[in-house]
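Mind having a look at this structure? Questions to follow.
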Amino acid sequence: MASDAHGTPLGADAAEHGHGAGLAHHFDSYEQQKDSATLGMWTFLVTEILFFGGLFAAYGVYRSLYPEAFRASSHTLSIQLGTFNTVVLIASSLTMALAVRGGQTGKGKLAAALLVLTLILGSVFLVVKGFEYHEKFVEHHVPGASFHFEGPDALHAQLFFSLYFLMTGLHALHMVIGIVLVGYVAERAWGGAYTSENHNFLEGTGLYWHFVDLVWIFLFPLLYLIGRH
Amino acid sequence: MPAHVQPLKVYFGVFLALMAFTALTVSAAFVNLGPANTFVALGIAAAKATLVILYFMHVKGNTKLVPVVILSGLFFLFLLFLFLAADYGTRGWLGVPGR
């Protein structure tokens, strides 16, 4: 690889200096650039895992202290809507993974179409979540002054619903950020911004989207599926 | 075709496995397994997460540094759960109220 001591800005006069388009001058190869981007994204995602981990830990403590309140509260959630949303989110992870594959193989238009599909599935998830939240407000299952719970141990049922809103709310916030990112990446992919050598932003967005799916994979059984028998 | 491109059948296969695990975890919740219900649910979730991480997030076939970063993060998560369990799990063992 030719020296890049000339300090040429990213992508400018690339061929002339023996450095390909989309390869930043501080990287020796596309492979190294991609590995760095992947490692950086994963480092961020690990902080996210620990961030959500605190809430999962709080959930574990309170569920072990007040199992009856958690069981009764969990039974008020709609298992149908929860399962539907799980399927929708996993499907969106598939379309996202296929979009990244489209980027890997240099098919920008295909990637853009799959990203739009991902964006639509993500929005469906949020709309269903919105209906679920609405039902909680109608039933007075939102913690606070107007909280009312028919089951046993209403005091600690509030703990379940506090964690329910915190965890699903934080997850939904990540979904909103993800949808904005996916929309941006779709527009860039359609314009041909991603090559098979450098589609690192697309790949990183994909990692973020899959992470949001991972959080839901644990939230769904822990919130919706406590002792349904 | 550049290196590290997985065949399409891998993506669809993983998707079908994730769907099957989802069906399994929902049906398992309706069977009374006692305290094992929670562990079955968490085990299935962990299996689903592993599939997503290895194949959708391309950790399989990527630089080995990535699993090191992930496992170090999970190690600290494990410490958080371990010490919380050691605390809340042993309360009352001294026979002193509130200790």
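Values in this text are rule-based calculations from the coordinates and carry no lab data. If you're wondering where the values come from, they're calculated on a predicted model, not measured in any experiment. Glycine also receives a Cβ, built like all others from the backbone with ideal geometry; neighbour counts cover every protein chain displayed.
For A:Ser146 and A:Val124, FRET efficiency with R0 = 41 Å and r from the beta-carbon atoms, rounded to 0.05? Provide the component values of the computation, followed by the final result.
Numbers: r = 30 Å, r/R0 = 0.72.
The computed FRET efficiency comes out at 0.85.
Would you mind calculating the relative contact order of chain A from Cα pairs under 8 angstrom and at least 6 residues apart, reporting the percent as a whole number?
Working: 248 pairs, mean separation 65.3, N = 229.
Normalised by residue count, the contact order of chain A is 29 percent.
Provide the FRET efficiency to the nearest 0.05 for the B:Phe76-A:Lys109 pair, computing r from the beta carbons and using R0 = 51 Å.
On the way: r = 42 Å, r/R0 = 0.82.
Calculated transfer efficiency: 0.75.
Please turn the phi angles of the stretch A:168-182 into ³J(HN,Hα) values with the Karplus equation 6.51 cos²θ - 1.76 cosθ + 1.60 (θ = phi - 60°), one per residue in order, whole Hz, x for glycine and proline.
Result, ordered by residue: 6, x, 5, 5, 5, 4, 4, 4, 4, 4, x, 5, 4, 4, 4 Hz.
According to a simple spin-label model (label point 7 Å from Cα along Cα-to-Cβ), what is the distance in nm between B:Leu42 and B:Leu65?
3.3 nm
Once you have the Cα-Cα distance between A:Ser196 and A:Phe137, take 0.36 nm times their residue separation minus that, and quote the gain in nm to one decimal.
Working: separation 59, 0.36 × 59 = 21.24 nm, distance 4.80 nm.
Difference between extended and current length: 16.4 nm.
Determine the distance separating the Cα centre of the stretch A:106-123 from the Cα centre of the stretch A:48-76; give it in Å without decimals.
The stretch A:106-123 and the stretch A:48-76 have Cα centres spaced 35 Å from each other.
Right, next: Just report the Cα centroid separation between the stretch A:152-206 and the stretch B:52-82, whole Å.
19 Å
Right, here's the next one. Once the Cβ-Cβ distance between A:Phe84 and B:Leu94 is put in as r, and R0 is 45 Å, what FRET efficiency do you end up with, to the nearest 0.05?
Details: r = 48 Å, r/R0 = 1.07.
E between A:Phe84 and B:Leu94, to the nearest 0.05, is 0.40.
Starting from the amide H of A:Val142, placed 1.01 Å from N in the peptide plane, find each other amide H under 5 Å away whose residue is 5 or more places distant or on another chain.
Close amide H contacts, sequence-distant or interchain: A:His148.
List every DSSP H helix in chain B whose Cα atoms extend 27 Å or more along the helix's own long axis and whose mean Kyte-Doolittle hydropathy is at least 0.5. Display every interim value, and only then the final one.
Numbers: long enough: B:8-29 (32 Å, 1.79); B:65-89 (35 Å, 2.28).
Those that pass (Cα extent of 27 Å or more, hydropathy at least 0.5) are B:8-29, B:65-89.
Counting only pairs 8 or more places apart or on different chains, how many lysine pairs in the protein assembly as shown have C-alpha atoms closer than 23 Å?
Here the count comes out as 12.
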